[in-house]
1. Mind checking which residues of the stretch 75-91 are over 11 Å from Leu163 (Cβ atoms), within 16 Å of ligand 2 (Cβ to nearest atom) and crowded, with 16+ Cβ neighbours inside 10 Å?
2. Can you name the residue in the stretch 70-80 that is closer than 18 Å to Cys6 by Cα and in a helix (DSSP H, G or I) and, of all such residues, is nearest to the chain's Cα centre (by Cα)?
3. Looking at (1) aliphatic (A, V, I, L, M); (2) in a loop (DSSP other than H, G, I, E, B); (3) within 16 Å of ligand 1 (Cβ to nearest atom), which one does Leu195 not meet, given that it meets all the others?
4. Looking at Val7, Val51, Val18, Val23, which is the one that is touching a helix residue (DSSP H, G or I) at 6+ places or on another chain (Cβ under 9 Å), away from ligand 2 (no atom under 16 Å from the Cβ) and closer than 23 Å to Leu219 by Cα?
5. What tally of residues in the stretch 71-119 results from selecting those that are in contact with a strand residue (DSSP E or B) (Cβ under 7 Å, 6 or more places away or on another chain) and over 22 Å from Pro138 (Cβ atoms)?
6. On the given criteria, is Glu160 out of contact with any helix residue (DSSP H, G or I) (no Cβ under 6 Å at 6 or more places or on another chain) and closer than 24 Å to Leu27 by Cβ?
7. Might you check whether a residue that is assigned to a helix (DSSP H, G or I), of a type outside the set (Ser, Thr, Tyr), touching a Leu at 6+ places or on another chain (Cβ under 7 Å) and in contact (Cβ under 8 Å) with a residue 40 or more places away in the chain occurs anywhere in the stretch 118-126?
8. With the structure loaded, tell me whether Glu57 is touching a helix residue (DSSP H, G or I) at 6+ places or on another chain (Cβ under 8 Å) and either away from ligand 1 (no atom under 13 Å from the Cβ) or under 30 Å from Glu114 (Cα atoms) (or both) or whether it fails that test.
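The values are calculated or read from the model by the stated rules, or taken from the named source; none is laboratory data. Quantities reported herein were computed from a predicted structural model and do not represent experimental measurements. Quick reminder, even Gly has a Cβ in these numbers, built from the backbone with ideal geometry, and neighbours come from all protein chains shown.
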Amino acid sequence: MGVEICVEGLTKSFGHQVIWQDVSLTLPAGEVSVMLGPSGTGKSVFLKTLVGLLKPERGSIKIAGQDITKLRERDLYEVRKLFGVLFQDGALFGSMSLYDNIAFPLREHTRKPESEVRRIVLEKMDMVGLIGAEDKLPGEISGGMRKRAGLARALVLDPEIILFDEPDSGLDPVRVAYLNQLIVDLNAQIDATFLIVTHDIASARLVPDNIGLLFRRELVMFGPREDLLTSDEPVVRQFLNGRMQGPIGMAEEKDAAQVEQELADLGNGAGQNAGEESTTAMTPRLLPSPGVTRPPRWQAIAEREVETRRKAEPHGEGEPPDQAEPPQKTEPQGEAESPRKKGEEVADA
Ligand SMILES: Nc1ncnc2c1ncn2[C@@H]1O[C@H](COP(=O)(O)OP(=O)(O)OP(=O)(O)O)[C@@H](O)[C@H]1O
Ligand SMILES: [Mg+2]
């Protein structure tokens with residue numbers, strides 16, 4: 001069962017450079033949250049701060065009620081065992097085989113016999129499609145394979161909190177689809193608390209319970225997925241649509257007059273690509289694969305989504321609830337059906 005992480009008034013700087021300030025959010029126990037934000041806004045720094053690798057100047061991070069910013073190194077070591085982390089660069093040991101890399105946390109933190117280590121390592125390698133690559137060194141495989149090895153390593157200790165920094169970068173679109181399904185299934189099975197940093201907007205729309213957005217040294221918004229997807233906040237809309245028009249510029253902030261003109265043009269339909277999806281469209285969430293039991297909170301979340309859709313509809317009717325509610329399947333579910341196929345059906349519904 002995952003644990004809640006409660007962040008309050010968190011500020012992080014390097015020298016005179018403030019990365020973000022006064023960040024407050026709660027990652028609800030057992031839910032999946034996604035953190036978005038332009039490059040350089042401090043998403044990776046945020047993850048490292050949550051694990052206690054970086055010290056914030058102000059604020060608190062309460063995990064199971066304990067403020068980890070106040071802990072000594074020895075106590076932090078204990079708290080870190082709750083976490084499974086995939087760093088942005090994968091952080092594999094270059095001179096160790098993939099097998100040994102993935103076995104490393106088990107050998108370091110547990111006294112499991114090698115036979116048990118082997119069972120767990122192969123199970124996780126299978127999960128991320130790396131069976132057969134056990135003896136390869138990180139330097140001998142593709143970037144996407146390294147990423148998946150990092151994912152397997154993050155999962156071997158059955159963590160209660162899972163932090164993934166861009167798990168999907170460098171993966172081809174089909175593998176991203178499998179990865180999204182894997183995250184949803186894992187979350188349903190182990191009920192860990194997830195925080196995922198991604199630049200993949202399609203995944204951000206499909207997978208999480210909650211979405212946050214960092215921009216200009218602040219957490220612009222953090223909340224239930226449907227609140228952000230239907231939000232009119234210009235930064236949120238621009239980011240979720242991957243548009244050039246809006247407050248986010250290539251390098252720095254844009255000047256206010258330019259932003260105003262661009263947003264006005266967008267309002268007139270100019271500057272918008274034909275058929276471009278609006279952020280106020282609610283994408284149905286990705287459901288766990290057939291046979292994976294859904295935790296009870298799924299029902300509440302489904303109801304919340306139906307309600308948001310109803311409110312977002314100008315004429316009050318909204319879509320029929322059965323479109324958004326996870327279908328309560330009673331018929332036997334075929335083992336042979338691929339998880340992705342199921343995911344696609346739901347996502348495209
Ligand atoms: N150890 C460090 N010392 C000094 N500055 C740092 C350190 N780590 C990160 N920074 C700075 O913090 C800022 C945020 O970096 P971070 O890597 O968190 O961005 P990000 O949002 O993850 O970007 P991306 O999407 O490109 O991964 C950058 O300006 C970076 O140079
Ligand atoms: Mg980063």
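1. Selection gives Gly90 alone.
2. Checked the stretch 70-80; the qualifying residue nearest to the chain's Cα centre (by Cα) is Arg80.
3. Unmet condition: (2).
4. Going through Val7, Val51, Val18, Val23 in turn, the sole match is Val7.
5. 2
6. Answer is yes for this residue.
7. Checking the stretch 118-126: not a single residue is assigned to a helix (DSSP H, G or I), of a type outside the set (Ser, Thr, Tyr), touching a Leu at 6+ places or on another chain (Cβ under 7 Å) and in contact (Cβ under 8 Å) with a residue 40 or more places away in the chain.
8. no
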